[in-house]
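Visitor: Before we start, here is the structure in question, set down as structure tokens.
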Amino acid sequence: MKIQNAIETKLNEAFDARFLQVENESHKHSVPPNSETHFKVTLVSPEFEGLMRVRRHQAIYKVLAEELEGEVHALALHLYSPEEWEASGQAAPESPNCMGGSKKGPAMAARSVQGEG
């Protein structure tokens, strides 16, 4: 939980978070048990009002640069202004299940043969 805690702390310090949820989704992927490599972040802040999605993501990447250069492999970002959060029903979309394995693994090889990869 070390990386997850660092992400939560940094985002709380950098943004006026009305809602912040950081979920470790590593267990849904082909990584060793207790990994901290895949995260889903839902953040609601008035600082996102008027910002396009790419600018919101860039702001997060800047704050979490150290984590993204380290062990964090994937970061699903769901970033809302308070008004957008209310309109969403106060729920971020569910993350898709992992496709399984690495690009060199048998699951991806089978997809490539089928023309999906």
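Quick note: the coordinates plus some simple rules give every number you see, no bench work behind them. Only a predicted model underlies this, so the values are computations on that prediction, with no experimental measurement involved. With ideal geometry, Cβ positions are generated from the backbone for all residues, glycine too; neighbour counts draw on all protein chains shown.
Visitor: Would you please name the GluC sites (Glu not before Pro) within segment 53-87 that are DSSP coil residues with at most 14 other C-beta atoms within 10 Å of their C-beta?
Guide: Loop-located and lightly packed - Glu71.
Visitor: Ratio to report: Rg/Rh of segment 2-113, with Cα atoms as the point set and Rh obtained by the Kirkwood method; give two decimals.
Guide: Reported Rg/Rh, Kirkwood definition of Rh: 1.02.
Visitor: So which trypsin sites (Lys or Arg not before Pro) in segment 1-41 end up in coil per DSSP with only 16 or fewer other C-beta atoms within 10 Å?
Guide: Hits after loop and neighbour filter: Arg18.
Visitor: Count the lysine pairs in segment 2-113 that are 8 or more places apart or on different chains: how many have C-alpha atoms under 27 angstrom apart?
Guide: Taking the Cα cut-off of 27 Å, the pair count is 14.
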